[in-house]
């Protein structure tokens, strides 16, 4: 996510109002295995990502156990990015994170599906207005993508809103 490109996420909905339904998450996440580069395969369109392609997120576990988050995309031919932090929610076995790009605001980041080998992830927000399909590679097998859409639908996400991310920048 880049500078002003991604600021609006912080102002509209990402931080929720507390009235959302429960969103089940995976049993546990090894943050060391989750660390590294992820490619956004699809997401619900958000104003802060308008005009972006080749969107990636890179996670690095810091010495204090928190996670550095670097989100980037290509917009108007230039790399745009933003760096923040993520904090594991106590009692969630690292499956629920609070992501912060601007102090003191923190948004929910729930890992709702994760490949055993950490090759893909499905991430959402309890208000069902945010959903990301992530992969370790810029392309995802269509059968895996369909499986993740089915899971998201079962969790009451409106998957008709998903838009695939252009990842042909390399």
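What the table below lists for this structure:
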read-out	value
Residue-averaged 222 nm ellipticity for the chain, from DSSP H runs of 4+ at -39500 (n - 2.57), nearest 500	-4000 deg cm²/dmol
Cα centroid of segment 122-151 to Cα centroid of segment 24-84, whole Å	13
Efficiency of FRET between residue 154 and residue 79 - r from beta-carbon atoms, R0 41 angstrom, step 0.05	0.70
Cubic angstrom per residue, convex hull over Cα atoms of segment 25-170	117
Volume per residue of the C-alpha convex hull in segment 24-84, rounded to whole Å³	113
Fewest-first ranking of 164, 78, using other Cβ atoms within 10 Å as the exposure measure	78, 164
Extension gain (nm, one decimal) between residue 92 and residue 22, 0.36 nm per residue minus Cα-Cα	23.9 nm
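Each value in this text was obtained by applying a stated rule to the coordinates, not by laboratory testing. These figures come from a predicted structure and were not determined experimentally. So basically every Cβ, Gly included, is an ideal-geometry build from the backbone, and we count neighbours across all protein chains shown.
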